[in-house]
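To keep things clear, I will list the structure first and then write my remarks on it.
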Amino acid sequence: MRAAVVTNSEFEVTDLPTPIPGRGQLLINVSRCGICGSDLHVRNHADEVAELSAVTGYDSFMRSDQSVVLGHEFSGEVVDYGPGCRKRWQAGTPVVALPIVRHGAKPQLTGLSVEAPGAYAEQVIVQESMTMPVPNGLSAEHAALTEPMAVAWHAVRRGRVGKRQHAFVIGCGPIGLAVISMLKAAGVRTVVASDFSPRRRELASACGADIVVDPATDSPWTAAPTRGRINGVTDILELGFDTMDRLRRVPNLPWWYVFRLAHTLNAGPSGPVIFECVGVPGILDQIITAAPPLSRVVVVGVCMETDRIRPAMAINKEIELRFVFGYDPGEFRDTLHLLAEGKVDPAPLITGTVGLNGIDTAFTTLATPDHHAKILIDPTSPATTP
């Protein structure tokens, strides 16, 4: 099969042996594969990521001097099964799969390990138990976005955003756009998106953002309606006075039970939910400094460098930080069905398609935010530019 192999940051399209599925695995023909921001990063910084991954317990992450086939956002069609499979689907069935396989008892990350070649290729191995048929005639292009959209769905679920809460999305690259789409699918009424790039702001609107802000000229924090919102720490103190004044007017009321009940029901005052989707040093501290008190900050952007925040700032505002990564199989399945049922439209994210020979150009194009968001790879396409 033909595949794009990266070694020491350089891509080469070459012929590789046809993959042979192992126990519990199947072989699929790749229909489409998305280029992920993590692919852009590991092309040049694989060794740093590998060191970090080893500390967290995964010691098989790719190294720069290894020859690796990238690609973990893909759709395809069933070709053949390995031993020990239930052979659930006929050859030619459109499928997607979580990008993880098991060799013996050890999991391997598809497209990010030399042990699990990815989908920048004509074919890829997937685990049968992690594979799902594509329902409702969903196109191969949209099905390939199941993986990045599942990342966003997991972030939104972890954010626990109420429909009446304001949600802020800082950074409108592919993952920020996916978060916007999933927030609207979850019924959140007010989504404020912020990005310096005019093209990304345009795409944010297409994905459903209610308010889109250029942070070079306007503040996202004042763009949303502020009436009734906690905007500063004095608002919290004033709320405390007002609440106690009302409660103490009721004779013999054990007012402290009201506070206990509010804590039990998580019904106390709260700020907005903010999704950090940039992933560069300094952004998190900027958000903590500017965000309203009692905000929940969901860190989705992956900052691979050492960063600094001022804990006292977060403490004084009672800012809650949540770091998110990946998704579970149930979230992956639910995302697939949200796409197939038309509840989420990923079309605005897809801005170009290339063949295997166009991957290097696509990577160069994606280094700037002015034109493209998500570029897909079609292994059968002769296109060399997106």
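The values are calculated or read from the model by the stated rules, or taken from the named source; none is laboratory data. Quantities reported herein were computed from a predicted structural model and do not represent experimental measurements. When we count neighbours, we look across all protein chains shown, and the Cβ atoms used for this are built from the backbone with ideal geometry, even at glycine. Just so you know, the surface numbers come from the protein's heavy atoms only, side chains and all, with ligands and any DNA or RNA stripped out. Shrake-Rupley method; radii C 1.70, N 1.55, O 1.52, S 1.80 Å.
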| Computed P(r) (all Cα pairs; the range 219-367; 10 Å bins; percent) | 8, 23, 27, 23, 11, 4, 2, 0
| note | Rounded to the nearest 5, the percent of antiparallel DSSP beta bridges in the chain equals 60
| remark: Contact order relative to length for the range 195-324, counting C-alpha pairs under 8 Å separated by 6 or more residues, stands in percent at 20
| said: Going by amide H atoms built from the backbone, whose H comes under 5 Å of the H on S295, apart from near neighbours? | reply: G271, E320
| message | Based on C-alpha coordinates, I'd like the Rg and Dmax of the range 42-181, in Å. | response | 17.1, 51
| field | the chain, accessible surface, carbon-and-sulfur percent (1.4 angstrom probe) | value | 52
| request: Rank these by accessible area, largest first, 1.4 Å probe: D15, D360, D378. | output: D15, D360, D378
| note | Counting only residues 5 or more apart in sequence or on a different chain, those whose built amide H sits under 5 Å from that of T190 are A167
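When only the heavy atoms of the protein chains count and the probe is 1.4 Å, how do D307, D214, D370 rank by accessible area, highest first?
Sorted by accessible area, descending: D370, D307, D214.
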| request: Calculate the spin-label point distance for D15 paired with Y257, positioning each point 7 Å from the Cα along the beta-carbon direction, and give it in nanometres. | output: 8.1
| Span-like helices, the chain: DSSP H, alpha-carbon axial extent 20 Å or more, mean Kyte-Doolittle -0.5 or greater, which ones? | 37-56, 233-248
| Sorted by accessible area with a 1.4 angstrom probe, largest first, how do D195, D334 fall? | D334, D195
| task | Take the alpha-carbon positions of the range 103-142, form their convex hull, and give its projected area averaged over all directions (one quarter of the hull surface) in nm². | result | 3.8
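Quick one: net charge around H72, please, counting Lys, Arg +1 and Asp, Glu -1 for every other residue with C-beta under 15 Å from its C-beta.
Residues near H72 contribute -1 overall.
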| query | When the Kirkwood hydrodynamic radius is evaluated over all pairs of different C-alpha atoms of the range 127-190, what value in angstrom, to one decimal, is obtained? | reply | 13.0
| query | Using a 1.4 Å probe, what is the accessible area per residue for the range 15-161, in Å²? | reply | 43
| said: Cut-off under 23 Å on the C-alpha distance; same-chain residues fewer than 8 positions from K184 excluded. Which lysines are left, in chain and number order? | reply: K163, K343, K374
| For S205 and N357 in the same chain, what is the full-extension length gain: residue separation times 0.36 nm, less their Cα-Cα distance, in nm? | 51.5 nm
| said: With just the Cα atoms defining each centre, how far is the range 35-81 from the range 134-188? Give it in Å. | reply: 23
| Sequence-distant residues sharing a close amide H with V213 (under 5 Å, placed H) | A193, S194, D195
| said: With a cut-off of 8 Å between alpha carbons and a minimum separation of six or more residues, what is the relative contact order of the chain in percent? | reply: 17
| Kirkwood hydrodynamic radius (C-alpha pairs) into Stokes-Einstein, the chain, 20 °C and 1.002 mPa s, D in µm²/s | 96
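If I take R0 = 41 Å and measure r between the Cβ atoms of F196 and E238 in this structure, what FRET efficiency does the formula 1/(1 + (r/R0)^6) give, to the nearest 0.05?
That gives a FRET efficiency of 0.70.
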| note | What the 10 Å binned alpha carbon P(r) of the range 1-117 shows, as percent of pairs per bin from 0, is 13, 44, 33, 10, 0
